[in-house]
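Peer 1: There's a structure below that I have some questions on.
FYI, it's all coordinate maths here, none of it is from the lab. This structure is a prediction, so every number in the text was calculated from the model and none was measured. A quick note on method: Cβ atoms are made from the backbone with ideal geometry, for glycine too, and the neighbour counts reach across all protein chains shown.
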Amino acid sequence: MIFENATILTMNPKREIIERGAIVVEGKKIVAIGKQDEITTKYPHLSRINCNGNLILPGLIDTHVHLAQCILRGLTDDKKFELMEWLTGRIFPLLGNMTPEDGLASSSLCVLEMLKSGTTGFIEVLLTEHYGFEGIAQMIETSGIRAALGKVVMDMDPAIRDEIKMHPKMWETRQVSIENTLKMYDRWNGAADGRIQVWFGARTAGEWNRPDMYDEISKLAKERNMGITIHFAETPGDVAYAKSQGFRSPTEFAMAHGILGPRTVLAHYIHSDAEDWKLLVQTGTTVSHNPGSNQREPWGPALVARMLKAGVNVSMGCDAAVANNAMDMVRDLRVALHATRVFEKDQAAMSPETALELATINGAKAMGIEDQVGSLEPGKKADFIIIDLDKPHLQPVWNPVATLVLSALGSDVDTVVIDGKIIMQGRKVLTMDEEAILANIRERKARLAEKAGVKIRLQWPVL
Ligand SMILES: [Zn+2]
């Protein structure tokens, strides 16, 4: 099949942009890409899809997602919360009361939203057993998206669990959490023709976890070439904890406990400096920059421009819908760019081109699949999206990268192709039942709020 008559942002090593371009897809792969005239002459017998002069680019990769928290979107925007109040008063009771059916409903909504806004691959950070890992993995398989599913591992004393009012259903012993992760790894890693990976989703280093758990999971992960993802160096408390353990910084704690490496993704990663970045570069560790939630929460910006300059692989993630409200990577390209420019007080601190690298090729590297996706090149998997440019807010196009990063939204994605298969066309997702997913989430949201006894009071009177 040929996708023709498009402007193509290849994101190949030369970052070539092809005007009046075409892509030839056979099976799961791209077999040729180039100027339309040459391609159609070379492949005269293949069927063609006319892209109407629209923009094709690699599918976006979201490296920090909480599938189960999509059901909580907008739940904590009614007042200012301290972190523990936010967790114990709102988040824990709701997440703890979720059934596997609720977990599946929230995850389906999240995947649907990601597909509809051009995300073709993602890393989930903290799935627990009670969200129903099995049902979620099956849904991922049929949806057609690419995913690294981080299954939670933790080592929290039950006394601490009770003190912080974590719902018992969210808690697993260290042994059980590790055993269940490995069971899921054996069952699902490499499934769906390699679209699904299973990772360790480690709970944050801090007083809630015994530090030697990280030594154990690092060893197990290395034996299997398995990924690890973790919220890391996000709050001042994370820094204080590393110091209390005798380390200069959270990054040095991570280095000592074996967490750093080419299969590790550190989310948020706000509190760090040049000495830390040397360790990330040396070990090939990736950062997931979460500009949407970092802008919302009070812990400050990540030093993205400086990390990139130091050679760190920085990718991008939307985080949870309860901390960023939309899983829209196209929107967050702009948030990343603006936040960095404001923080550095420098318009050159981040270009649209750099923002797009975070969300494509750098994200592919984070998932350990940069040889397969993240750019459009012959031999790579056909994972790409088409942006409909025929809209007032996207015309005229002087610079297609700037149009995408600074003017477009996820709702401008018209078509999604993953593994050579058309997953969305004309904004209709062909692998999921959108109407049923939306009806289900409305019903489950009401039921869950009642069961958990959580009520929110809006600032304005509700009649
Ligand atoms: Zn998160």
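Peer 1: Using each residue's phi in the stretch 74-88, evaluate 6.51 cos²θ - 1.76 cosθ + 1.60 at θ = phi - 60° and report the 3J(HN,Hα) Karplus result to the nearest Hz, with x for Gly and Pro.
Peer 2: x, 6, 10, 9, 8, 6, 8, 10, 7, 3, 5, 5, 4, 6, 6
Peer 1: Also, I was wondering about something else. Tell me the relative contact order for the stretch 60-366 as a rounded percent, counting alpha carbon contacts under 8 Å between residues six or more apart.
Peer 2: 20
Peer 1: Which trypsin sites (Lys or Arg not before Pro) does the stretch 255-352 hold that lie in a coil by DSSP with at most 11 other beta carbons within 10 Å?
Peer 2: Hits after loop and neighbour filter: 345.
Peer 1: Rounded, prolate or oblate: which fits the stretch 60-366, taking a ≥ b ≥ c as square roots of the Cα gyration tensor eigenvalues, rounded meaning a/c under 1.5, else prolate when a/b beats b/c?
Peer 2: Rounded, since a/c falls under 1.5.
Peer 1: Another question, if that's okay. By how many degrees, between 0 and 90 and to the nearest 10, does the Cα long axis of helix 329-344 differ from the longest principal axis of the chain?
Peer 2: It works out to around 70 degrees.
Peer 1: Work out from phi, with θ = phi - 60° and the Karplus expression 6.51 cos²θ - 1.76 cosθ + 1.60, the ³J(HN,Hα) of each residue of the stretch 437-448, listed in order in whole Hz, and give x for Gly and Pro.
Peer 2: With the stated coefficients, the stretch 437-448 comes to 5, 5, 5, 5, 5, 4, 5, 5, 4, 5, 5, 5 Hz.
Peer 1: Could you tell me how many degrees, from 0 to 90 and to the nearest 10, lie between the Cα long axis of helix 133-143 and the main elongation axis, the longest principal axis, of the Cα atoms of the chain?
Peer 2: That helix lies at roughly 10 degrees to the long axis.
Peer 1: Order these by the 10 Å Cβ neighbour count, fewest first: 251, 415. Could you put the intermediate results ahead of the total?
Peer 2: Values: 251 27, 415 22.
By the 10 Å Cβ count, ascending, the order reads 415, 251.
Peer 1: Where the only charges are on Cβ atoms (+1 Lys, Arg; -1 Asp, Glu), what is the dipole of the stretch 60-366 about its Cα centre, to the nearest 20 debye?
Peer 2: On the way: 31 positive and 39 negative charges, 98 e Å.
The dipole magnitude comes to about 480 debye.
Peer 1: Next question, about the same structure. Scan around residue 34 for amide H atoms under 5 Å from its own, H built in the peptide plane at 1.01 Å from N, and keep only partners 5 or more places away or cross-chain.
Peer 2: HN-HN under 5 Å from residue 34: 22.
Peer 1: Based on the mean of other Cβ atoms within 10 Å per residue, sort peptides 317-323, 139-145, 158-164 so the most packed one is first. Spell out each step's value before the answer.
Peer 2: Working: 317-323: 26.6, 139-145: 21.0, 158-164: 12.0.
In decreasing order of mean packing, 317-323, 139-145, 158-164 become 317-323, 139-145, 158-164.
Peer 1: Another question, if that's okay. How about the stretch 371-447: which trypsin sites (Lys or Arg not before Pro) there lie in a loop by DSSP and see at most 14 other Cβ atoms within 10 Å?
Peer 2: Counting only loop positions with at most 14 other Cβ atoms within 10 Å, the trypsin sites (Lys or Arg not before Pro) in the stretch 371-447 are 427.
Peer 1: Residues of the stretch 183-212 with amide nitrogen under 18 Å from the 7 Å Cα-to-Cβ point of residue 245?
Peer 2: 200-212, by backbone N distance to the label point.
Peer 1: Take the alpha-carbon centre of the stretch 201-229, take the same for the stretch 67-106, and report the distance between them in whole Å.
Peer 2: 25
Peer 1: Now for a different question. Amide H of residue 26 versus every other amide H placed in the peptide plane: which residues, excluding those fewer than 5 positions away on the same chain, fall under 5 Å?
Peer 2: Amide H neighbours of residue 26: 31.
Peer 1: Tell me, how many Å apart are the Cα centres for the stretch 138-169 and for the stretch 282-301?
Peer 2: Their Cα centres are 21 Å away from one another.
Peer 1: Identify the trypsin sites (Lys or Arg not before Pro) of the stretch 12-74 meeting these criteria: DSSP loop state and at most 11 other C-beta atoms within 10 Å of the C-beta.
Peer 2: Listed in order of number, the matching sites are 14.
Peer 1: OK, next. Assuming 0.36 nm per residue, please report the length gained on full extension of the stretch residue 391 to residue 26 beyond their Cα-Cα distance.
Peer 2: 128.3 nm
Peer 1: Restricting to the chain, compute how many DSSP beta bridges are antiparallel as a %, nearest 5.
Peer 2: Antiparallel: roughly 40 percent of the beta bridges in the chain.
Peer 1: For residue 313, enumerate residues with amide H under 5 Å from its amide H, sequence gap 5+ or separate chain, H modeled in the peptide plane.
Peer 2: 287
Peer 1: Same structure again: On a 0 to 90° scale, report how tilted helix 212-224 is relative to the longest principal axis of the chain, with both axes built from alpha carbons and the result rounded to the nearest 10.
Peer 2: 30
Peer 1: Might you list the cysteines of the chain that have no disulfide-compatible partner by the rule of another cysteine's Cβ under 4.7 Å?
Peer 2: When partners are defined as cysteine Cβ atoms under 4.7 Å apart, the chain leaves 51, 318 without one.
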